[in-house]
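Following: one structure in structure tokens, then a few remarks.
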Amino acid sequence: MALSMHNKEASNKQMDTSKYVRYTPEQVEALERVYTECPKPSSLRRQQLIRECPILSNIEPKQIKVWFQNRRCREKQRKESSRLQTVNRKLTAMNKLLMEENDRLQKQVSHLVYENGFMRQQLHTASATTTDNSCESVVMSGQHQQQQNPTPQRPQRDANNPAGLLAIAEETLAEFLSKATGTAVDWVQMIGMKPGPDSIGIVAVSRNCSGVAARACGLVSLEPTKVAEILKDRPSWFRDCRCLDILSVIPTGSGGTIELVYMQTYAPTTLAAARDFWTLRYTTTLEDGSLVICERSLTSSTGGPTGPPTSSFVRAEVLPSGYLIRPCEGGGSIIHIVDHVDLDVWSVPEVLRPLYESSKILAQKMTMAALRHIRQIAQETSGEIQYGSGRQPAVLRTFSQRLCRGFNDAVNGFADDGWSVLGGDGVDDVTIVINSSPSKFLGSQYNASMFPTFGGGVLCAKASMLLQNVPPALLVRFLREHRSEWADYGVDTYSAACLKASPYAVPCARPGGFPSSQVILPLAHTIEQEEFLEVVRLEGHAFSPEDVALARDMYLLQLCSGVDENAVGSCAQLVFAPIDESFADDAPLLPSGFRVIPLDPKTDGPAATRTLDLASTLEIGPGGTRPPSEVDTTSYNLRSVLTIAFQFTFENHLRDNVAAMARQYVRSVVGSVQRVAMAISPSRLSSQLGPKSLPGSPEALTLAQWVYRSYRIHTGADLFQVDSQGGDALLKQLWHHSDAIMCCSLKTNASPVFTFANQAGLDMLETTLVALQDIMLDKILDEAGRKILCSEFSKIMQQGFAYLPAGICVSSMGRPVSYEQAVAWKVLNDDESNHCLAFMFMNWSFV
């Protein structure tokens, strides 16, 4: 017995010091298996572990708890160490990139200093010599400039054989490298493009060079060969690329390849022809291991085979451009991208030329798009991006590409796709094109089930117009968030009908349907949030009792991009297509939507002061100027081009009906967009003294007088101190009043709807004067507020006003707003009749 007690004490002593005892490999293996399943087991789980694993029976539960704590700590340290090593590699590579960029800039500065000194010397010489000598000086200056910028004299050669093409390829390589890492182009860094380990990179645009050019350099965590594969697959990331055909591949002795490439691109608007390119693309490896893909157009001056002839395109030129891809130590790549093109600007209408002369637009659409796409693929490959929809990133990316491609097809309407123009109604503001050739038309974004089996096709109604003083990002964001401002439920119903088993149950849309509320469900977005894919659910309504069966919710797949107002040269776009509830990966898509492209601000040229339709007024050439009376004299002159396209399916016997509906609908949408543009224009809001009168309401000045006078009649106090009774002083003070003042309709048979609000009221409701009319009073009040208003309503109608206690209401964006007190009063017109109900919410703030 004594021996047993002695052994027990020894065992306890050993357990007390067990933290110093090493675990056996078998014990560690057992613990690791549990850690893999559950890194933080509960006390019960740890006790269960001891019972299930005899090899752990001599270890206390407390010690096992400590082991798991230490294991979690080691795992956390390992992850943090790996993260820091990754950041350190990025910073090392970025530092190398910045040092190279600094060297290039120093060379550029030296070159500019030399040119500046030479010009000073020439000016001094010209002023100090006689006329004859100055003429000689000018001649010598010209000779000197020719020496500084010699025209390359290409040797006589036969460029139709491999040796001649290789000579062109080597010249292209040298010229591209001089742009990518040298001073051949005067690069200016784009605003907001600051380098860093997580930034897109260093982005610059050309200044004072032929054509337009953009340059970018950055880091990606993909190997050079994978980067090259992605970049050469241009249709996967360049949304304007319609097709890219490699017509010939010639291997070179150094292991590289020469490719003869024909590429077609889409036109961004309906107002100018699309561009195509015939180029030589050279892929090779440099001595330092860098991979290069460079490209240039083959023209009569370069020599080489003649490209395919086309009638629907304008042949544009790629000047030496390409990609320099260098491996990084520890993995990844440093990429230099140069895009340099001449888009034949003189073949487009004068007002559109800024689109084809802007290096910033080129940078956004091509250069930065390539870099963003590679970074997106890199993060998807590493598993850094996880989407909650359960779909693979590649599938979601394909949806985005199909939406863009379908919209571009509709905007361009190429004849070789089967499109033909349908006769108009005498007014050429809206163009109607139809496609009755499914065999030509069906692509990856379409499906044979969309076409009627007994004759029909697709009809597209499209228009373009010039917008004045409206930021593209702001307009597209408004169109996305306030669909009821421009969309018609009847037309949405007809569009969705093509997806049903009996697709033509709705023979024609009935404009003027109920506004439908929408719920936006996010699907995916790109790294920098410049583009996002979402599903929009539209709540169903019935037009009449017999239409109840059709009153079901509808769904749209929607792509929105370019809504960052700080992005320079960015195109804003909203594209959507009806889908059914199943939303299969191969769901047919028939996209419609809006595209807004900024034009470079111009203060010295003619400008319209209102939204204009361009289809019948654009002229090619220097003519077409407007009278001085129509020239905008304000310094704020932001112009952009809006393109609208809507697609519908039709049966042959209903084609004319659908065409008339589509034409009417697009005109209605144009009118709505013009109204929205005027309402949200920053220049108009800042320059006007007060709001414009709303449709169906009295003039704003009269309404202000009624509101002010009625408040004084009912309460015996002034709403505010009036500085002057003359002119629009009353309206100005009402508009700028610090408390939220708003008016709503006074109808006994319908819910009160807001008809007017001052600036504070619009801010509180987070809306605009245009969208205000869709907001009902009972939707912004909480349940307590509605009960109080109902109890006080009779008092308001009898004595003319009532004070309401502090409470909570909700803005149009769903944000709660608190207020200390509210006043409600009847607004009487000049005949002392009830016109509307006014509210003033005092000392309001967002919760």
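Of the chymotrypsin sites (Phe, Trp or Tyr not before Pro) found in segment 552-593, the ones in coil according to DSSP and having at most 14 other Cβ atoms within 10 Å of their Cβ are Phe583.
Karplus-derived 3J(HN,Hα) values for segment 822-839, using 6.51 cos²θ - 1.76 cosθ + 1.60 with θ = phi - 60°, are 9, 10, 10, 8, 6, 9, 9, 7, 5, 8, 6, 8, 5, 9, 6, 10, 10, 10 Hz; glycine and proline are entered as x. With the charge dipole of segment 167-290 set up from +1 on Lys and Arg Cβ and -1 on Asp and Glu Cβ about the Cα centre, the Cα lying farthest toward the positive end among the listed residues Ala267, Val220, Ser210 is that of Ala267. Classify segment 286-405 as rounded, prolate or oblate, taking a ≥ b ≥ c as the square roots of the eigenvalues of its Cα gyration tensor: rounded when a/c is under 1.5, otherwise prolate if a/b is larger than b/c and oblate if not. The shape class here is oblate. In this simple spin-label model, placing a label point 7 Å from the Cα along the Cα-to-Cβ direction at both Glu792 and Lys65 gives a separation of 5.8 nm.
How much of the accessible area of segment 220-324, in percent, comes from carbon and sulfur atoms when a 1.4 Å probe is used? Taking all protein chains in place, segment 220-324 shows 53 percent carbon and sulfur surface. Between Ala163 and Asp416, the contour length at 0.36 nm per residue exceeds the Cα-Cα span by 87.5 nm. Classified by the C-alpha gyration tensor, segment 27-85 has a prolate form. Its axis ratio a/c, with a ≥ b ≥ c, is 1.5 or above, and a/b is larger than b/c. When each of the peptides 823-832, 278-287, 466-475, 702-711 is scored by the mean number of other C-beta atoms lying within 10 Å of its residues, the order from highest to lowest reads 466-475, 702-711, 278-287, 823-832. For Tyr282, neighbours were defined as the other residues whose beta-carbon sits under 14 Å from its Cβ, and their charges (Lys and Arg +1, Asp and Glu -1) total -2. In this label model, Tyr262 and Met842 are separated by 7.7 nm, measuring between points 7 Å along each Cα→Cβ vector. Indicate the gyration tensor shape class of segment 739-790 (rounded, prolate or oblate), computed on the Cα atoms with a ≥ b ≥ c the square roots of the eigenvalues: a/c under 1.5 is rounded; otherwise a/b larger than b/c is prolate and the rest oblate. Verdict is oblate for segment 739-790. The heavy atoms of Cys790 present about 100 square angstrom of accessible area, all protein chains included, probe 1.4 Å. Backbone geometry of segment 367-378 corresponds, through the Karplus equation with coefficients 6.51, -1.76 and 1.60 at θ = phi - 60°, to 3J(HN,Hα) couplings of 5, 6, 4, 5, 5, 5, 4, 5, 5, 4, 4, 4 Hz, x marking Gly and Pro. Projected label points at Asn652 and Leu123, each 7 Å from Cα along the beta carbon direction, are separated by 7.5 nanometres. In plain terms, the chain from Gln529 to Asn88 could stretch by 156.2 nm, reckoned as 0.36 nm per residue minus the Cα-Cα distance. Around the amide H of Thr252, modelled in the peptide plane, lie the amide H atoms of Thr257, Ile258, all under 5 Å away and 5 or more residues distant in sequence or on another chain.
Our coupling estimate for segment 162-168, obtained by passing each phi through the Karplus curve with A = 6.51, B = -1.76, C = 1.60 and θ = phi - 60°, is x, 5, x, 5, 5, 4, 4 Hz, Gly and Pro reported as x. Measuring only protein heavy atoms, the 1.4 Å probe finds Ser57 accessible over about 80 Å².
Taking amide H as placed 1.01 Å from N in the peptide plane, the amide H of Ala274 sits under 5 Å from that of Ala267, Val314, each at least 5 places away or on another chain.
The values are calculated or read from the model by the stated rules, or taken from the named source; none is laboratory data. It should be emphasised that the depicted structure is a prediction, and the values quoted were computed from it without experimental measurement. Cβ atoms come from the backbone with ideal geometry, glycine included; neighbour counts cover every protein chain shown. Note: accessible area is taken over every heavy atom of the protein model, side chains too, but ligands, DNA and RNA are not part of it. Shrake-Rupley method; radii C 1.70, N 1.55, O 1.52, S 1.80 Å.
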